[in-house]
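Remarks on the structure that follows.
The values are calculated or read from the model by the stated rules, or taken from the named source; none is laboratory data. Computed from a predicted model, the values in this text were never measured in an experiment. Cβ placement follows ideal geometry from the backbone for every residue including glycine, while neighbour counts extend to all protein chains displayed. All accessible areas refer to the heavy atoms of the entire protein, side chains included, with ligands and DNA or RNA removed. Shrake-Rupley method; radii C 1.70, N 1.55, O 1.52, S 1.80 Å.
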Amino acid sequence: MKCSPQGTSNLRSGNEEAYRIVLPYLQRLGKKIFYFKEPGKATKLKLINNFVLGAFMVAIEEAVALGEKAGIEKSELIEILENGAGNSIVLKAKKEKLLKEDFSTHFSVKNLLKDLTYAYDLAKSVRKPVFLNAQVKEIYTMAFSRGIEDEDFSVIYQLLKAL
């Protein structure tokens, strides 16, 4: 699996022969490629991974907004998070966007909200409550309702900062 905030594009499931044919191309896209024989399993894993991505981004953004409200400089707070519990691929990928408040799209609110909704539907289909997914989904729905669904999913920072 390629660990990136854009998702897990290197998860594959289905026909093994087709997988072997495309494997050399997949290896150009990511360091670690996962293959699952069970059709649909890769999709479920992608949805679950993107749920974690969305939740982690909300946690980072809410922490930054809280820190700023408490009088801490954003750059100082992000540096502390990078060297503490917030250290992650997500923070590394979104650090500059947060510092510059640049919300040009790499992975849109609309696409993340779609995955959060599908992950929620997956949970309902297996009768598994997912409290955090529901809250994170509603936070991204707030961005959608404000007409900023085509912005990068890191734009949630602006909404949380304004609350």
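Screening residue 65 on (1) crowded, with 18+ Cβ neighbours inside 10 Å; (2) not in a helix (DSSP H, G or I) shows it passes everything except condition (2). Of all residues assigned to segment 44-57, at least one qualifies as being more than 28 Å from residue 14 (Cβ to Cβ), of a type in the set (Phe, Trp, Tyr) and surrounded by 12 or more Cβ atoms within 10 Å (Cβ to Cβ). Scanning for something within 21 Å of residue 152 (Cα to Cα), touching a helix residue (DSSP H, G or I) at 6+ places or on another chain (Cβ under 7 Å) and acidic (Asp, Glu), does segment 80-87 turn up at least one residue? For segment 80-87, residues within 21 Å of residue 152 (Cα to Cα), touching a helix residue (DSSP H, G or I) at 6+ places or on another chain (Cβ under 7 Å) and acidic (Asp, Glu): present.
Taking the criterion of being free of Cβ contacts under 8 Å to residues at least 24 places away in the same chain and not hydrophobic (A, V, I, L, M, F, W, C), the residues of segment 138-163 that qualify are 138, 145, 146, 147.
The residue that is modelled with the highest pLDDT, counting only those in segment 1-41 that are under 23 Å from residue 112 (Cβ atoms) and of a type in the set (S, T, N, Q), is 13.
As a summary of the residue check, residue 97 satisfies the conditions (1) basic (Lys, Arg); (2) open to solvent by 90 Å² or more (accessible area, probe 1.4 Å); (3) in contact with a His (Cβ under 9 Å, 6 or more places away or on another chain) except for the one numbered (2). Cβ-Cβ contacts under 9 Å between residues 6 or more apart (or on different chains), taken from a first residue in segment 120-137 that is farther than 22 Å from residue 160 by Cα to a second residue that is surrounded by fewer than 10 Cβ atoms within 10 Å (Cβ to Cβ), are listed as 122/128; 123/129. Checking the structure you have, find out if any residue of segment 112-129 is of a type in the set (Gly, Ala, Ser), over 18 Å from residue 41 (Cβ atoms) and surrounded by 17 or more Cβ atoms within 10 Å (Cβ to Cβ). No; the residues of segment 112-129 include none that is of a type in the set (Gly, Ala, Ser), over 18 Å from residue 41 (Cβ atoms) and surrounded by 17 or more Cβ atoms within 10 Å (Cβ to Cβ).
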